[in-house]
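This report refers to the structure that appears directly beneath it.
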Amino acid sequence: MTLASISMDDLLKHSTLYQEFLAERDEILKHKWIESEKAGYDIGFERALLDWLVNHSAAWRRWRRSLREPLPAAYGGGTLDCT
């Protein structure tokens, strides 16, 4: 199979970068919902995005990276699947 014969959809489906983007977007949308519920109105995507980036993104990214790290041998080795 050549690169020319692979569709853009196939490239995106298998792109780790794109999968991480989708996972991060989902977290931001969850955050938007939670914070909107607390506020009693829709806070909007931009406010949710900025709040999530400042207050939650670093911990979430560390957690995502930990899912890809090999497990200690005492736990059977391998990696956790974060999908």
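Looking only at segment 58-82, count how many residues are assigned to a loop (DSSP other than H, G, I, E, B) and at pLDDT 65 or above.
Residues that pass the stated criteria total 3.
Can you pull out the residues in segment 23-51 that are surrounded by 12 or more Cβ atoms within 10 Å (Cβ to Cβ) and within 12 Å of the chain's Cα centre (by Cα)?
23, 24, 25, 27, 28, 29, 30
Being assigned to a helix (DSSP H, G or I) and touching a residue at least 24 places away in the same chain (Cβ under 8 Å) is true for just one of 27, 46. Which residue is that? Don't jump to the end; show me each part of the working.
Working: 46 fails: touching a residue at least 24 places away in the same chain (Cβ under 8 Å).
Going through 27, 46 in turn, the sole match is 27.
The values are calculated or read from the model by the stated rules, or taken from the named source; none is laboratory data. If you're wondering where the values come from, they're calculated on a predicted model, not measured in any experiment. Counting neighbours? That spans all protein chains shown, and the Cβs are built from the backbone with ideal geometry, glycine included.
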